[in-house]
Amino acid sequence: MSQHGAHAPDEVVAVVAGREIVYRPRRLVLAGGAYERPAPFAGWTLPGVMTTGAGQTLARAYRVAPGRRVVIAGNGPLNLQLACELVEGGVEVAAVLESAPRPSPVQWRQMLAALRAAPGLIGDGARTLLRLRRAGVPVLWGHGIISAEGDGRLEHVRHAPLDADGAPRLDESLTVAADALCLGYGFIPSTEIARALGCAHRLVDRHLGYLATETAVDGATSLPGVFAVGDGVDLGGSKVAQARGTLAGIAAAAQLGLPDSDPGEGRRALDDLRRAEDFQAALWSIYRAPPVRLDAVPDEAMLCRCEEVTFGRVRAEIAAGHDSLAALKRTTRLGMGRCQGRYCAATAALLLEQATGRLRTADQYLAPRLPAKPTPAGAFAFEKPEWGGHQRAITPNLARPLEDGPLPDQEAEILIVGGGVVGSCLAYYLTQAGRDVLVVERGDVNLQASGANAGSLHVQLLSFDFGARAEAGGGPAAATLTLGPRSVALWRELERACDADFELAVTGGLMVADSPAGMEFLRAKAALERQYGVENAIVDAAELRRLAPALSEELIGAEYAPQEGKINPLRATYAVLEQARRQGARFLRGVNVTGIAAVPAVEGGGWRVETSRCRIRAGRIVNASGPWARETGRLVGIDVPVHSAPLQMIVTEPAPKLVSQLVAHADRHLSLKQAVTGGLIIGGAWTAVFDPARRFNMVSRSSIEGNLWVARHVLPQIAGLHVVRAWAAMNINIDGAPILGPVPGLPGFFNTVTSNGFTLAPVVARMTADLLLDGRTDIDPTPFLIDRFG
């Protein structure tokens, strides 16, 4: 069985024998287990460095020694057990390095408590230490790894004593020859499914720190009908897990009205639990290790192994102001690999705390995403009815600001409300013209719609923007056709101006068809697009094979639009933002605009703005709030007809080069492209679900299934790939066209928002900047003014 996850307490999904199985339990018990912690230091990714669990598996299951000369390091008795097993198997154990200080007589109370709770285990531990002493294995208490060294594989291990604050005493360091290093620094609970469901969690500050699921003594979580037990909740060992599992089973059975055949079982389990917890508390007070000091880890050491992100890269991003896990994920790809942050998120969170002094909190960890682990795409591909339009939702405040303290009052010539891609591009163009610009964002910049974008550069109309499915008859969307090519050209200019790699590629776009009706639809659409200056051509099946050989042979043709392409939205937005900042733009985060009032002319005119952290006096204001533009408009008494629509995207594991173009479908919802990393990004406006209780957008199983079916239908190789993650974000839904320009009756108040935000961000920002600076623009803004709504 392969784990996928749970979309709801009564909707659990798994892959069994290669097929998706959906379970509908009346009660759900989560027992996800735990995985071994990473231990970051220079060289920890060298071949020959492994976890203690890996060393045990080699020795026990395969009867293979992890090496000829082995060093074992970490925290806790499991490392001593492995050392003893290896010695008995004829392996030379060069040393056991325990980070906790040597137990002393002053800990007699803890030792006595452990002995009373589990005398057998304490006896086993004493015998293990005696066997190691007789075998001549040095057990060095209060020692830690400095580095693993070698040419292409492990050859030497450098270690040193640790001070009480965790700092290594480098002047006392020693180097020992070894071809294997087994690391056992404990475990991290697998809370992914519990977090995805919305169960409450707390931060446990042990070693690197981890999130633990909050439960009652019987395993009940904050969600009715959901229980969580074992080390997948919090770390407590097998005895605690067994007792809590028993209590959870009794509680779940009682809720279902099942008879209790053994009324004393619960009392016995409670007694077992208390003894086991007393033992664990005593054990880990004896083995209490000093805090982890990440400042001792060199810049060249790897932090995120999957994406090859170093400590130095992360430190540089933190110094540049990208000081949250969410921002680091977007700027470095930390946590985007196959492990989805399991082995790097805790380290990065601690590094952030130590670098910024800002305490970690559970809600600032990386958002939980399904699938819980990579799952085969082919098992989840099922044809689904196409939905009949964007599923509009409320536009909630999704911000989780890192800063909320008061700020000095501010003044600006131009205030931009919204720190996404449009706001950043607008700040760039305005500061380029020498204007004084302040950008305020109530969360952190580029973390909402812009930061969750898939990075398509559309020039042709999407299938649902033409014909019977189009908003407002398709007229507004058609009016935007002149903007697409201009905006792609502006993106290329911005890439040069910022001296940054946006991973921008104009590869052309293919909207494919698999039926004669689909081809007729494409011919009519292409004819309209040509009237607006969009380059395109209708190609038959043979030409389609030449352009994209990997696409399905069931496709009979396509519309080819050579001006389309793709971009990395994370790199691009941050680069433009930083260039705007270098040009003088000021960006304030955690600033929620709560009131806007016009200042009378006799007082100098302009606007007085109230926010959650300061007052702002501005000459002019631009509403660049994206999905929240309507909310900002209400503050000045206008209705900006912008709606929110939560949509979702899917990413596969990296694959060989399959397709260069941006691919869409004439009759289906599909957007497909292959990123520079090799992963396939699959979307196409499939609806997601907004959870108001958590202020969180969640993926929908039905949409994942339908989206993967369409993608596999177009690119069959997808069936053999694994889905690494799926995510959901608020999309902007208008009538198919942007809203930009001045507002009648409100001199100095402008809007700039678009539902094709990433493609059109530079052009709508350029047009808005021209209107602000000169009162005119070389592209007729009339179709995009708010007046069109009456």
Among residues of the stretch 432-453, those that are modelled with pLDDT of 95 or more and open to solvent by 10 Å² or more (accessible area, probe 1.4 Å), counted: 5
Matching residues in the stretch 253-288 - criterion: being more than 30 Å from SER99 (Cβ to Cβ), open to solvent by 70 Å² or more (accessible area, probe 1.4 Å) and not in a helix (DSSP H, G or I): LEU258, PRO259, ASP260, SER261, PRO263
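Can you pull out every residue in the stretch 33-48 that is farther than 19 Å from LEU350 by Cα and open to solvent by less than 20 Å² (accessible area, probe 1.4 Å)?
Across the stretch 33-48, the qualifying residue is only GLY48.
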Search result, residues across the stretch 297-314 that are open to solvent by less than 60 Å² (accessible area, probe 1.4 Å) and outside any strand (DSSP E or B): VAL297, PRO298, ALA301, GLU307, PHE311, GLY312, VAL314
Per-region count, the stretch 41-98, residues within 27 Å of ALA164 (Cα to Cα) and in a strand (DSSP E or B): 15
All positions within the stretch 627-636 that are open to solvent by 10 Å² or more (accessible area, probe 1.4 Å) and touching a residue at least 12 places away in the same chain (Cβ under 8 Å): TRP628, ARG630, GLU631, THR632, LEU635, VAL636
Which listed residue, of LEU510, LEU494, is open to solvent by less than 40 Å² (accessible area, probe 1.4 Å), at pLDDT 95 or above and within 30 Å of GLU578 (Cα to Cα): LEU494
Test: residue in the stretch 573-590 that is of a type in the set (S, T, N, Q) and surrounded by fewer than 17 Cβ atoms within 10 Å (Cβ to Cβ): no
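Would you mind finding the one in ALA472, ALA478, ALA517 that is open to solvent by less than 50 Å² (accessible area, probe 1.4 Å), out of contact with any Lys or Arg (no Cβ under 6 Å at 6 or more places or on another chain) and of a type outside the set (Lys, Arg)?
Working: ALA472 fails: open to solvent by less than 50 Å² (accessible area, probe 1.4 Å); ALA517 fails: open to solvent by less than 50 Å² (accessible area, probe 1.4 Å).
On inspection, the qualifying residue turns out to be ALA478.
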Of residues in the stretch 172-194 being open to solvent by 50 Å² or more (accessible area, probe 1.4 Å) and touching a residue at least 24 places away in the same chain (Cβ under 8 Å), the one nearest to the chain's Cα centre (by Cα): PHE187
Count of the stretch 151-171 residues which are in a loop (DSSP other than H, G, I, E, B) and open to solvent by less than 40 Å² (accessible area, probe 1.4 Å): 3
Complete set of residues in the stretch 62-79 that are closer than 22 Å to ILE286 by Cβ and open to solvent by less than 40 Å² (accessible area, probe 1.4 Å): ILE72, ALA73, GLY74, ASN75, GLY76, ASN79
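Here is a yes/no grid of residues against (1) at pLDDT 80 or above; (2) surrounded by fewer than 20 Cβ atoms within 10 Å (Cβ to Cβ):
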| site | (1), (2) |
| --- | --- |
| GLN81 | yes, yes |
| VAL93 | yes, no |
| LEU97 | yes, no |
| PRO103 | yes, yes |
| TRP108 | no, yes |
| GLY120 | no, yes |
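Filter the helices (runs of 4 or more DSSP H) completely within the stretch 498-610 down to those with at least 3 residues that are assigned by the TED database to the domain that holds LEU746. First the steps, then the outcome.
Working: elements: 516-531, 541-547, 569-582.
In the stretch 498-610, the matching helices (runs of 4 or more DSSP H) lie at 569-582.
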Tabulated pairs, the stretch 257-268, first under 13 Å from THR246 (Cα atoms) and free of Cβ contacts under 8 Å to residues at least 40 places away in the same chain, second open to solvent by 80 Å² or more (accessible area, probe 1.4 Å) and of a type outside the set (Lys, Arg), C-beta under 7 angstrom, 6+ apart or interchain: none
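The values are calculated or read from the model by the stated rules, or taken from the named source; none is laboratory data. As the structure is a prediction and not an experimental result, all values here were calculated from the model. Please note: Cβ atoms are built from the backbone with ideal geometry, for glycine as well, and neighbour counts cover all protein chains shown. Just the protein is used for accessible areas: all its heavy atoms, side chains included, with ligands, DNA and RNA removed. Shrake-Rupley method; radii C 1.70, N 1.55, O 1.52, S 1.80 Å.
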